[in-house]
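S.K.: Below are the structure tokens for one structure; questions will follow.
The values are calculated or read from the model by the stated rules, or taken from the named source; none is laboratory data. In this text the structure is predicted, and so the values were computed from the model without any measurement. Ideal geometry is used to build each Cβ from the backbone, glycine not excepted, and the neighbour counts take in all protein chains shown. These accessible areas exclude ligands, DNA and RNA; they are computed on the full protein's heavy atoms, side chains included. Shrake-Rupley method; radii C 1.70, N 1.55, O 1.52, S 1.80 Å.
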Amino acid sequence: VTKYRRGVFTKEILERTKIIFKETCEQIDCELIEFNGEDDHVHILVSIPPKHSVAIVVSKLKGKSSYFIRKEFWELI
């Protein structure tokens, strides 16, 4: 969910977010099964091995995607 539920996700940003999530999941041995989103939030279904904490995986996904989306689409946000 975006801060204050502001609608910031465009189709282009959602596509880039999906790519970032997929790359991040591959790096930490997880599998992105489903991805969907609207203008103010995304839905994901991720298969996480027991050696990883759900909180750590979500933290990595949110942090990395926020960094790259802000870097690449700063003028839209």
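S.K.: List the aspartates and glutamates whose Cα sits under 13 Å from the Cα of LYS64, skipping any in the same chain fewer than 8 residues away.
M.R.: Candidates past the 8-residue exclusion: GLU23, GLU72.
S.K.: What does the accessible area per residue of the range 11-72 come to in Å², with a 1.4 Å probe and no ligands, DNA or RNA counted?
M.R.: In whole numbers, the range 11-72 has 68 Å² accessible per residue.
S.K.: Which trypsin sites (Lys or Arg not before Pro) does the chain hold that lie in a coil by DSSP with at most 14 other beta carbons within 10 Å?
M.R.: In loop regions of the chain (DSSP not H, G, I, E or B), the sparsely surrounded trypsin sites (Lys or Arg not before Pro) are ARG6, LYS51.
S.K.: Taking the chain as the reference, fit the longest principal axis to its C-alpha atoms, fit the long axis of helix 11-27 to the helix C-alpha atoms, and give the angle between the two in degrees, 0 to 90, nearest 10.
M.R.: Relative to the chain, helix 11-27 is tipped by roughly 20 degrees.
S.K.: What's the extension gain from TYR67 to ILE19 if we count 0.36 nm per residue and subtract their Cα-Cα distance?
M.R.: 15.9 nm
S.K.: Sticking with this structure for a sec: Only Cα pairs under 8 Å and at least 6 apart count here; give the relative contact order of the chain as a rounded whole percent.
M.R.: Here the relative contact order equals 33 percent.
S.K.: For the chain, take the longest principal axis of its alpha carbons; what is the angle in degrees between that and the long axis of helix 54-72, to the nearest 10 within 0 to 90?
M.R.: Helix 54-72 sits at roughly 30 degrees to that axis.
S.K.: Ok, one more. If you place +1 on the Cβ of every Lys and Arg and -1 on the Cβ of every Asp and Glu, how big does the dipole about the Cα centre of the chain come out, in debye to the nearest 20?
M.R.: It comes to approximately 340 debye.
S.K.: Could you pull out the GluC sites (Glu not before Pro) across the range 24-68 that fall in loop regions by DSSP (anything but H, G, I, E, B) with no more than 16 other Cβ atoms inside 10 Å?
M.R.: Here the GluC sites (Glu not before Pro) that fit, given the DSSP loop and packing criteria, are GLU38.
S.K.: Please list LEU61, LEU45, LEU76, LEU14 from largest to smallest accessible area, probe radius 1.4 Å, with all protein chains kept in place.
M.R.: LEU76, LEU45, LEU14, LEU61
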